[in-house]
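Following: one structure in structure tokens, then a few remarks.
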There are 2 protein chains.
Amino acid sequence: MRGQALKGHLDLLLLAILADGARHGYAIIDELRQRSDEAFDLPEGTVYPALHRLQKGGYLSSEWTEVQGRRRRTYRLTESGRGALGEQRLAWNDFTQAMSMVLKGVPWPDTP
Amino acid sequence: MRGQALKGHLDLLLLAILADGARHGYAIIDELRQRSDEAFDLPEGTVYPALHRLQKGGYLSSEWTEVQGRRRRTYRLTESGRGALGEQRLAWNDFTQAMSMVLKGVPWPDTP
DNA sequence: ACCTACACTATGTATTACTAGGTGTCAAGA
DNA sequence: TCTTGACACCTAGTAATACATAGTGTAGGT
């Protein structure tokens, strides 16, 4: 999938994953890939800065942990983050609905 | 609607409107607003550059017309544009499906 | 005379996903 | 032992693009 497509919707994805429980970055990438059936296979350079941005915005908190000699930064939804998740999900709903209204009636390409 | 959301999906919208038949920029904006039930109310500074970009990419052709003293640039889908419409529509489908897979299971906010 | 809708254009800005590089740990295999 | 690969993080720079802003001009109504 052309990743550009998720421009503006990455935050929602990350918040959604973290709604399940706290996770570290690498695990988030993994789960995103699994849950989306490989469709979302995001590079680290995409996810880490986004997590930093979300934390800076107060939507996530994080803490360092050490597991078998490997340091991990575990992220957790804040109250504000949970609110943002709800809002963005509603916005996503509105958006897809508006898209399908515009797309409705447009003929599909010939697929014989 | 926060317009940022359509980042990367504007082209699909424009191609979809033009699949209905040739139109000029202002009319495209109008129809986009109507078909989306006011959700997509795009500023000219968004749409015109996008049309130019699409034409430059070979997806649209255009010609000047004059209607009651007002000059209009009427845009039309090219063959290539029709192909792109099909592709982008499939991509949009894949994208929404992947999104809903990730979103599935995430609890909605309390709405009493 | 003024305002609004119509209709287009150009320039600059902010956001953001991604590229490309870098650091370091650990386990398995050659 | 040395190398590879998975794990795990980071940052600086780039490209794309929606939008803000400002400008040009016509037509029609008040």
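Per residue, how much accessible surface does segment A:3-91 expose to a 1.4 Å probe? Answer in Å², no decimals.
54 Å²
Given a 1.4 Å probe, show me the residues in segment B:66-112 buried by at least 50 Å² of accessible surface when comparing the whole protein assembly to the chain alone.
Flagged in segment B:66-112: B:ARG89, B:TRP92, B:PHE95, B:MET99, B:MET101, B:VAL102, B:LEU103, B:VAL106, B:TRP108.
Averaged over A:48-55, how many beta carbons belonging to a partner chain fall within 10 Å of each residue's beta carbon?
Mean partner shielding for this stretch: 0.
Please work out the FRET efficiency for the pair B:GLU79 and B:TYR48, using the Cβ-Cβ distance as r and a Förster radius of 25 Å; give the result to the nearest 0.05.
0.60
Per-residue Cβ counts within 10 Å, from other chains only, averaged over A:5-16: what number is that?
5
Among B:ALA98, B:ALA27, B:ALA39, which one moves the most in a GNM of chain B with springs linking Cα atoms closer than 10 Å?
With Cα springs under 10 Å in chain B, the top fluctuation among B:ALA98, B:ALA27, B:ALA39 is at B:ALA98.
Which value at 222 nm does the protein assembly as shown reach when only helices count, each DSSP H run of 4 or more adding -39,500 (n - 2.57), with the total divided by all residues and rounded to the nearest 500 deg cm²/dmol?
-17000 deg cm²/dmol, from helical runs alone.
Tell me, in nm to one decimal, what length is gained between A:ALA22 and A:ASN93 on full extension, where the rule is 0.36 nm per residue of separation less the Cα-Cα distance?
23.1 nm
So, in Å, what gap is there between the alpha-carbon centers of segment A:75-106 and segment A:17-44?
Distance between centres, Cα-based: 18 Å.
Probe radius 1.4 Å, ligands and nucleic acids left out: can you give me the accessible area buried at the A-B interface, summed over both chains, in Å² to the nearest hundred?
3400 Å²
Can you work out D for segment A:3-91 in µm² s⁻¹ from Stokes-Einstein, where Rh is the Kirkwood radius over C-alpha pairs, the temperature is 37 °C and the viscosity is 0.692 mPa s?
248 µm²/s
Would you mind computing, in nm to one decimal, how far apart the modelled labels at A:THR65 and B:TRP108 are, each placed 7 Å from Cα along Cα→Cβ?
3.2 nm
When Cβ neighbours within 10 Å are restricted to other protein chains, what is their mean count per residue of peptide A:37-46?
Neighbouring Cβ atoms belonging to other protein chains average 2 per residue here.
In degrees, nearest 10, range 0 to 90: what is the angle between the Cα axis of helix A:25-35 and the longest Cα principal axis of chain A?
Roughly 30 degrees, rounded to the nearest 10.
Comparing A:SER61, A:SER80, A:SER36, which has the greatest mean-square fluctuation in the GNM of chain A with Cα pairs linked when under 10 Å apart?
A:SER36
Top mean-square fluctuation among B:ARG70, B:ARG82, B:ARG23, Gaussian network model of chain B, C-alpha springs under 10 Å?
Among B:ARG70, B:ARG82, B:ARG23, the largest GNM mean-square fluctuation belongs to B:ARG70.
Nearest 10 degrees, 0 to 90: what angle lies between the long axis of helix B:10-19 and the longest principal axis of chain B (Cα atoms)?
60 degrees
How big is D for the protein assembly as shown, in µm² s⁻¹ as a whole number, if Stokes-Einstein is applied with the Kirkwood radius of its Cα pairs at 4 °C and 1.567 mPa s?
67 µm²/s
The values are calculated or read from the model by the stated rules, or taken from the named source; none is laboratory data. Predicted model, so just to flag it, every value in this text is computed and none were measured. Cβ coordinates were reconstructed from backbone atoms using ideal geometry, including for glycine residues, and neighbour counts include every protein chain displayed. The area values use the complete protein model at the heavy-atom level, side chains included, leaving out ligands, DNA and RNA. Shrake-Rupley method; radii C 1.70, N 1.55, O 1.52, S 1.80 Å.
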